[in-house]
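Enquirer: Let me begin by handing over the structure; questions about it come next.
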Amino acid sequence: MSIAPIDSIASLSNDLFYDILKRLDGPALASLACTCAAFCSISKEESLWENVCASVWPSTNREDVKSLISSIGGFRKFYADCFPLIVNKEVGQYQWNNYLEYPDDWTEAEYYGDTNEFESITPSDFVSIVDIRFKGKSICSKVLSGIPNANDNGGWFYNCPFRIDLLTYADRDDNNDEEVTLSVSDGLPPITSMERERKDGKLWHELRDGLFLSWILVNKKIKQAANLASWSPLDGQRHWPTDKDFVIRFGSVLPAQDILPSQVVQCILVMKFRVVHIEEEGFETSLKLTELSMQLEDMEGAHVNGKNSLHILKEALSCRRSKNYSEVIESCHMYSKVQNELKEEKMRSESRLDTLCILSGIAAFMTFWYYVL
């Protein structure tokens, strides 16, 4: 079969250009756009980036999500904002002693967040777009508008620990109560008994290495979005005492300058799977997703309240990001290292204080009996 020669790229039609470009992923399409003016022009086509986003985040195929993305700048901007991950290199400069000075004359409205400052940030401004993949296959797509159990008037939400339980509230309007499960057909290894799994950990390793999470947070008011997840798990463990629950953690390190004394916080995304069936029970090995949640913790492991969390999440949408995954993981590990050092220093300080109290008590006791006798 003979192939007609092509004199130049310019001789190709725009339709053929488009057919070629729609087969590329995001990084390849962005790189190609830098090669020449013709590719740069056609690569700005929104439908190309819509295809790219749909291949990375299946949830963007929903009509309501498409409308949301169009309202905040389009699919090209959405990809540029959400494909790179949040990276925070200021963790190593952390100093807990740098406490913020809070005024003593706060009014009740200022304490509970009922001021003009908080009117600009409301729970209803946020939308969570979440996708889970296992070994490249999409197993879950969820969308959550607003923040559960919160209202725009503040109240108790501003002072209670911030937490989003996605499985409880997502897609409630769509009546989508379908369980998220994994089985041997999805790539899980068959498990004959939990006793054997405890020894070799085959199921645990397959689960940890195969999962991929994207949790995109969108602020409709300021038209910004960011991916708060780390793509791959940061750590995880079996949940005792049953050994049938596997807890896997994703997340990122977010800036909290002028918001919290620690200056940085960790966004913790928890995914929990429970073993439903194993081979010795006469069924195919299967797992069920039982938890998918988000919470913010400071350096001391304390949960951040709703009021401060709204500010932190808003600032996170405009903070530095990187396509270098190792750089992102390094910042998360640095946070854990600094956090452990803080805990050790706190334990040493408490030990010194306990020793001082004991010695003071002994000295006081001896002094008392010295004067009595």
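Enquirer: What is the Cα centroid distance between region 14-76 and region 202-226, reported in whole angstrom?
Expert: What the calculation gives is 21 Å, centre to centre.
Enquirer: With the cut-off at 18 Å, tell me which of the pairs 89/272; 77/323; 44/220 have Cα atoms farther apart than that.
Expert: 89/272; 44/220
Enquirer: List the GluC sites (Glu not before Pro) in region 293-373 that DSSP assigns to loop (not H, G, I, E or B) and whose Cβ has at most 16 other Cβ atoms within 10 Å. Which are they?
Expert: Answer in residue order: 300.
Enquirer: Okay, moving on. Which entries in 135/199; 66/307; 142/221; 142/223 show an alpha-carbon gap greater than 27 Å?
Expert: Beyond 27 Å between Cα atoms: 66/307.
Enquirer: Still on this structure, please answer the following. Please list the radius of gyration and Dmax for region 10-83, considering alpha-carbon atoms only, with Å as the unit.
Expert: Calculated on Cα positions, Rg and Dmax stand at 12.4, 39 Å.
Enquirer: What does the accessible area per residue of region 10-83 come to in Å², with a 1.4 Å probe and no ligands, DNA or RNA counted?
Expert: Here the residues of region 10-83 average 51 Å² of exposed surface.
Enquirer: For a quick check of understanding: with a 1.4 angstrom probe and all protein chains in place, what accessible area in square angstrom does residue 347 have, to the nearest ten?
Expert: 130 Å²
Enquirer: Sort 218-226, 200-208, 304-312 by the packing proxy (mean of other Cβ within 10 Å over each peptide's residues), most packed first.
Expert: Order by mean packing, descending: 304-312, 218-226, 200-208.
The values are calculated or read from the model by the stated rules, or taken from the named source; none is laboratory data. Because the structure is a prediction, the values reported are computed rather than measured. Virtual Cβ from ideal backbone geometry, glycine too; neighbours counted across all protein chains shown. The accessibility values were calculated without ligands, DNA or RNA, using every heavy atom of the protein model including side chains. Shrake-Rupley method; radii C 1.70, N 1.55, O 1.52, S 1.80 Å.
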